[in-house]
Amino acid sequence: WSGMLYLQNQFMERLNRLFPEPHASFEAGLLVGARKGIAPELMDQFNIAGLTHIIAISGYNITIVIAAVMWMLVFLPRRTRFWVAMGAIVLFTLFVGASPSVVRAAIMGILGLIALNTGRQNNIHLTVLWTAFFMIFWNPKILWWDIGFQLSFLAVLGLIYVAPLFKKYTEKLPAAFGMREAIVMTLSAQVMALPIILYNFERLSLIAPVSN
């Protein structure tokens with residue numbers, strides 16, 4: 001754990017050498033989810049625009065890790081790439097600090113890999129349920145006290161259960177450049193996360209659906 005933190009600090013120090021502020025802190029947020037260097041006024045702008053999640057590590061980052069490993073090791077047998085990808089997910093999760101949203105994405109990514117490797121169909125409903133079970137079993141307090149855990153799972157549940165409802169009303173929207181899918185996914189995740197945002201942060205970003 002201390003070794004991964006050391007690597008993270010070295011990584012962020014190198015970013016500070018390469019980029020001026022606030023760009024260096026923004027890059028650190030994108031790549032390792034670190035927000036401590038981001039100026040308060042910039043964070044306020046992210047909050048107003050409803051884009052704070054951009055500088056939080058989640059499922060998209062885990063997907064990139066899996067895809068990168070599978071692509072770089074394409075010359076190896078699939079089972080070998082499977083184990084390397086699993087190890088890469090665990091190391092990346094530790095590297096970025098193992099926040100609830102990252103752990104959630106990591107467990108779902110590993111369960112998905114296991115399903116692919118064993119030839120079983122990946123049931124997303126069971127995957128979400130097992131992921132929540134493992135995390136709550138490890139630390140029951142996160143269910144009630146950790147907002148990151150709540151927002152992460154609500155957003156995923158929105159993509160699974162609310163998105164099909166929105167698709168019925170967006171069939172006439174253009175599908176070019178993934179526009180229709182982007183609108184459906186954005187609204188589905190935000191509708192589910194909105195009660196937690198309103199209750200905990202007491203703010204409502206009307207521009208958030210558009211900016212996302």
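The values are calculated or read from the model by the stated rules, or taken from the named source; none is laboratory data. Keep in mind the model is a prediction, meaning the values are calculated, not measured. Using ideal geometry, Cβ is built from the backbone for each residue, glycine included, and neighbour counts are taken over all protein chains shown. SASA here: full protein model, heavy atoms, side chains in, ligands and nucleic acids out. Shrake-Rupley method; radii C 1.70, N 1.55, O 1.52, S 1.80 Å.
Ligands, DNA and RNA aside, Ser205 has an accessible area near 30 Å² when probed at 1.4 Å. Residues considered: Met70, Met185, Met108. Largest GNM mean-square fluctuation over the chain, using C-alpha springs under 10 Å, is found at Met70. Length gained on full extension, Ile114 to Lys168: 16.2 nm, using 0.36 nm per residue less the C-alpha separation.
Taking all protein chains as shown and a probe of 1.4 angstrom, Ile183 keeps an accessible surface of around 60 Å². Projecting the Cα atoms of Ser25, Asn47, Met4 onto the charge dipole of the range 1-57, computed from C-beta unit charges around the Cα centre, puts Met4 farthest toward the positive end. Working from Cα pairs under 8 Å separated by at least six residues, relative contact order for the chain is 19 percent. In the complete set of protein chains, residue-level accessible area for Glu21 is approximately 100 Å², probe 1.4 angstrom. The slack between Met72 and Asn123, meaning 0.36 nm per residue of separation minus the straight C-alpha distance, is 15.6 nm.
The largest accessible area among Thr118, Thr131 belongs to the first residue in Thr118, Thr131, and the rest follow in falling order (1.4 Å probe, all chains).
Ignoring the sites themselves, the chain has its longest run without trypsin sites (Lys or Arg not before Pro) in a DSSP loop having at most 12 other Cβ atoms within 10 Å at 37-119.
Its alpha carbons give the range 54-109 an Rg and a Dmax of 11.3, 35 Å.
When the charge dipole of the range 58-212 is built from unit charges on Cβ atoms (+1 for Lys and Arg, -1 for Asp and Glu) and taken about the Cα centre, the candidate among Leu129, Val84, Ser152 whose Cα reaches farthest toward its positive end is Val84. Computed over the Cα atoms of the chain, pair by distinct pair, the Kirkwood hydrodynamic radius stands at 18.8 angstrom. Overall, the chain carries a charge dipole of about 680 debye about its Cα centre when +1 sits on the Cβ of Lys and Arg and -1 on the Cβ of Asp and Glu, all other atoms neutral. Using the Cβ-Cβ distance between Leu7 and Ala39 with R0 = 30 Å, the FRET efficiency computed as 1/(1 + (r/R0)^6) comes to roughly 0.75. The 1.4 Å probe gives accessible areas that order Asp44, Asp146, largest first, as Asp44, Asp146. When the Gaussian network model of the chain links Cα atoms closer than 10 Å, the mean-square fluctuations of Ala39, Ala163, Ala24 top out at Ala39.
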